[in-house]
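The values are calculated or read from the model by the stated rules, or taken from the named source; none is laboratory data. Please read these numbers as outputs of a predicted model, since none were measured by experiment. Positions of Cβ are generated from backbone atoms using ideal geometry, with glycine treated the same way; all protein chains shown enter the neighbour counts. With ligands, DNA and RNA removed, areas are computed over all heavy atoms of the protein, side chains included. Shrake-Rupley method; radii C 1.70, N 1.55, O 1.52, S 1.80 Å.
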Amino acid sequence: MESTGAATGTIDPAEVSKFEAMAAEWWNPNGKFKPLHMLNPCRLDYITTQIALEFDRDLRVPRPFQGLRLLDIGCGGGLLSEPMARLGAEVVGADAAARNIPVARLHAEQSGLTIDYRHTAAEDLVAAGERFDVVLNMEVVEHVSDPLTYLTACHDLLKPGGLMICSTLNRNAKSFGMAIIGAEWVMRWLPKGTHDWSKFITPDELYDLLRRAGMEPVDRKGMVFNPLSWTWSLSPRDLSVNYVTASRRPA
C-alpha cells in the first residue's frame, strides 16, 4: 500500500524533484545514473560483506540472506534492491520520488523478482510499525532536510541488533572538485545542481549523528574512484570523497 505522506517529515521537495526528473534513466548504464552503475559493484561488496559478518551468513551458498527483512530507503530504480532480492532477502524498496516506483516495479517484474516497492518516507514506515533486520541508506542523508531526525527514523525502523549501511559524501575541497565540478560540470554524468556541497557530511559528523540517533557505528570505509581503470574500490584510509559506514541498533 503506497503512502501519500512521502512529501512530509525530513523529505526535501526540491531534492525529490531532481530525481523525479531523471526517473526513466535508472537502468541505462550510460545515462544520468552512470556514476551509480559504476559504483554499484563496490557498494555491493561492502554491503554483502557487512551483512554476512553481522548475521553470520555464508556468501558462497545460494540465497545467503534468506530470512532477513531488508529496507532499501531511497531505492530509486532498484539498483540495490534487486541484488538483495537475488541473495534471498525479503526486500522493501522505498522512495519519496513517486516516478521512481513504477520504473523499479517494472524492472523487477521483467527480472522475475518479487520486491515490495512503495512511494513513502522513513517516518511513514516508522508510523506504520515496520521493522527490518537491515536498512540500506545509500546516498540519501545528504539530500534530506534534517539528517538527525531522518537517521533517528532509520534507527526506529531497525529491529534490536539490526544493521544499517549508510553512505554519503565527505565535505571538503576535494569532494567539491570531484562530485560537483568533475561529475556535474565537466563529465556531465549528473545534471548540474544534483548535489548541494553544503549538505555533504564529514565522516566524524556522520558518526556523531549516528550515535545521537541511537546507533552504534562499527565500521567505515572510503569508496575510491580510479580514473585510469575507471573502477571503484574500497579503502580503509581514503574517506576523502565517497564513503560508507556500518552501524547497528544495540540489542
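Details
- Out of Ala127, Ala97, sole residue that is over 18 Å from the mean Cα position of the chain (by Cα) and aliphatic (A, V, I, L, M): Ala127
- Filtering the range 215-248 to residues that are open to solvent by 30 Å² or more (accessible area, probe 1.4 Å) and over 14 Å from Gln50 (Cβ atoms) leaves Val224, Phe225, Asn226, Pro227, Leu228, Ser229, Trp230, Thr231, Trp232, Ser233, Arg237, Asp238.
- Extreme residue, most open to solvent (accessible area, probe 1.4 Å), among residues of the range 108-134 that are at pLDDT 95 or above and polar (S, T, N, Q): Thr114
- Failed item in (1) modelled with pLDDT under 95; (2) open to solvent by 50 Å² or more (accessible area, probe 1.4 Å), with Gly77 passing the rest: (2)
- Taking the numbered list (1) modelled with pLDDT of 85 or more; (2) open to solvent by 60 Å² or more (accessible area, probe 1.4 Å); (3) not in a loop (DSSP other than H, G, I, E, B) in turn, Leu210 passes all entries but (2).
- Among the residues making up the range 198-207, those that are buried (at least 16 other Cβ atoms within 10 Å of the Cβ) and assigned to a helix (DSSP H, G or I) are Lys199, Pro203, Leu206, Tyr207.
- Pairs linking a residue in the range 230-251 that is farther than 17 Å from Asp45 by Cβ to a residue that is open to solvent by less than 50 Å² (accessible area, probe 1.4 Å) and hydroxyl-bearing (Ser, Thr, Tyr), with Cβ atoms under 9 Å and 6 or more positions apart or on different chains, are Ser240/Ser175; Val241/Ser175; Ser247/Tyr207.
- Any hit, the range 50-68, residues being open to solvent by 20 Å² or more (accessible area, probe 1.4 Å), farther than 18 Å from Thr245 by Cα and within 16 Å of the chain's Cα centre (by Cα): no
- Residue ID - farthest from Val144 (Cα to Cα), chosen from residues in the range 90-107 that are open to solvent by 80 Å² or more (accessible area, probe 1.4 Å) and part of a helix (DSSP H, G or I): Leu106
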